[in-house]
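Trainee: Structure below; questions to follow.
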Amino acid sequence: MEDTRTVSHHPAVVLDERAVHRENGLLRELITVYQHLTGLTLQDADVSTVLRLLAERTAATVAVVSRGLEILAAAGPGASDDEVAEYARGHVANSRLGAVLNSTAQTRRSLRLPEVGGSVPVIVAPILVGDDVPAYLMTFGNSQDRDGGDISLLVTEHAATICGVILGRERVVAASARQVRDDLVEGLLLGGPRDTGEVGRWARHLGYDHTREHRILAVAIDAGGAAHGPRAGVPLAGRVAAAVEHFFTTRMPGAITAVRDSEVVVVAPEPGGQLPAGAEGSRVSLNCVARIRDLFPDAVITIGIGGTCRDAADIARSYGQARRTIDAVVRLGHRGQVVAFDDLGIHRLLLQVPDLTELTSFATEILGELERQDPQRGAELLATLACYFRENNSPQRTARSLHLHPNTVAYRVRRIQEITGLRLDTYRDRLMAQVAIEILGATEGGMDVTPARTAASYARRHVSDLAAVSGQPSQRRR
């Protein structure tokens, strides 16, 4: 009986030794991978380097996925990065995976999804940067899971930790670089230092090309509404500013951008060629206003475009013009527009008047009688007068613009003079009438600063303006 008991225990001892040997091998492999991954933090390594090492050691496809389910980096055995990224993108599109990612972000713990219905097993590990989870590290499948996947889970978790260290370091470096950049831009916008040579060095450090014309675009952000959606905790103004900055950076090569309080400043190079001066800046700005309106319905941006500048010392002047343009537009109640300082024209002087009611009273005094005496044709007469001035007092050109007979234009001009008491063949009266039309356009009907607008459409916008003031008596001037 003793021999029998001895023989029966012997195979069990052999099995335990094999299990221990296997476990020791897995632990040595785990330690080796840990050491390699940890060593990357001491080198100038990026996330892609971590993924390549992880894919090599685990024979698995790995990817870093953002919170928005974008593939930030990917690697896999025997395939290019683009092929691997496309493979990972197909798995990320799985609706079941979205719930898993949200769960890992909340619990800060890794999860493993077993192979189900032909899909490969997936390990998801949150990448932590401080208290934030900006991305996830995902491992798709593994041909070396001799331990049931525990080693892959541990390695993926550690690799996610290393990715978090690298991303955190990149954030610190990027934040420091951004602070230096913002300080340089701030100095240029405020007009310091006085040494033009130093100003030039600051500008060159930012990438300013002094051989090209530039314009300063100031984007004022009004985000009074509350933020909604998954990022409701993020201030709306900050999200709008980031979107505006990204929009101009990706659509205006060579542009220098900076976020300042509740505005974004863009130093935009002129494209040159056959385009009119400032045309490209206006076009991109209009598209930006439309894009922000779609993305953030609760926010409004107003864009002012300064004059041209080539010398870096003139950046402050162009920025000042852009800011004054925004102030003028906001003061007149026309937020959400794109206006260039060069197109303000006489409005630059008119808006120096502290009380806007003084301007509207002047316009009413000069032209308000048109609507009061001839309500049915007042707007028609005003449209004719606006076009008449724009066509340099030429009845023939005015007739062509309005598709009328020259005699009709001449009759309307005489009728305007009869009603208002103005003599449009005299410089003084003609000037007062022109200024009155500009005032109505700026204070009530919308600033007419877009060259494509016709004189007729310009005047038609003032119908409601004259209706509002028609009840006030006017004094005829001679």
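The values are calculated or read from the model by the stated rules, or taken from the named source; none is laboratory data. All figures in this text were calculated on a predicted structure; none of them were measured in a lab. Here the Cβ is made from the backbone with ideal geometry for all residues, glycine too, and neighbour counts use every protein chain on show.
Trainee: Which of the following residues is surrounded by 15 or more Cβ atoms within 10 Å (Cβ to Cβ), modelled with pLDDT of 90 or more and more than 18 Å from Leu184 (Cβ to Cβ): Val266, Val284?
Mentor: Of the residues listed, the single one that is surrounded by 15 or more Cβ atoms within 10 Å (Cβ to Cβ), modelled with pLDDT of 90 or more and more than 18 Å from Leu184 (Cβ to Cβ) is Val284.
Trainee: In the set Ile366, Ile346, which member is closer than 30 Å to Leu422 by Cβ, loosely packed, with under 14 Cβ neighbours inside 10 Å and in contact with a helix residue (DSSP H, G or I) (Cβ under 8 Å, 6 or more places away or on another chain)?
Mentor: Ile346
Trainee: Out of the residues in region 50-89 that are in a helix (DSSP H, G or I) and of a type in the set (Val, Ile, Thr), which is farthest from Gly39 (Cα to Cα)?
Mentor: Val84
Trainee: Kindly indicate whether Asp327 is more than 23 Å from Gln434 (Cβ to Cβ) and not in a strand (DSSP E or B).
Mentor: When the stated conditions are applied, Asp327 passes them.
Yes/no per residue for (1) among the charged types (D, E, K, R); (2) in contact (Cβ under 8 Å) with a residue 60 or more places away in the chain:
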position	(1), (2)
Leu40	no, yes
Gln43	no, no
Thr61	no, yes
Ala74	no, no
Ala79	no, no
Arg89	yes, no
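Trainee: Considering only residues that are at pLDDT 80 or above and more than 33 Å from the chain's Cα centre (by Cα), which ones fall in region 30-57?
Mentor: Listed by number, the residues that qualify are Arg52, Leu53, Leu54, Ala55, Glu56.
Trainee: Any idea which residue in region 399-435 is surrounded by the fewest Cβ atoms within 10 Å (Cβ to Cβ), counting only those that are part of a loop (DSSP other than H, G, I, E, B) and of a type outside the set (Val, Ile, Thr)?
Mentor: Among those that are part of a loop (DSSP other than H, G, I, E, B) and of a type outside the set (Val, Ile, Thr), it is His403.
Trainee: Among the residues of region 194-238, which ones are small (Gly, Ala, Ser) and at pLDDT 80 or above?
Mentor: Scanning region 194-238 gives Gly200, Ala203, Gly207, Ala218, Ala220, Ala223, Ala237, Gly238.
Trainee: Within region 31-45, can you find the residues that are buried (at least 16 other Cβ atoms within 10 Å of the Cβ) and in a loop (DSSP other than H, G, I, E, B)?
Mentor: Within region 31-45, Ala45 is the sole residue that qualifies.
Trainee: Also, I was wondering about something else. Does Thr325 count as more than 17 Å from Phe247 (Cα to Cα), assigned by TED's automatic domain parsing to the domain that holds Glu263, in contact with a strand residue (DSSP E or B) (Cβ under 7 Å, 6 or more places away or on another chain) and among the polar types (S, T, N, Q)?
Mentor: yes
Trainee: Can you tell me which residue is modelled with the lowest pLDDT among those in region 103-129 that are of a type in the set (Gly, Ala, Ser) and either in a helix (DSSP H, G or I) or surrounded by fewer than 10 Cβ atoms within 10 Å (Cβ to Cβ) (or both)?
Mentor: This residue is Gly117.
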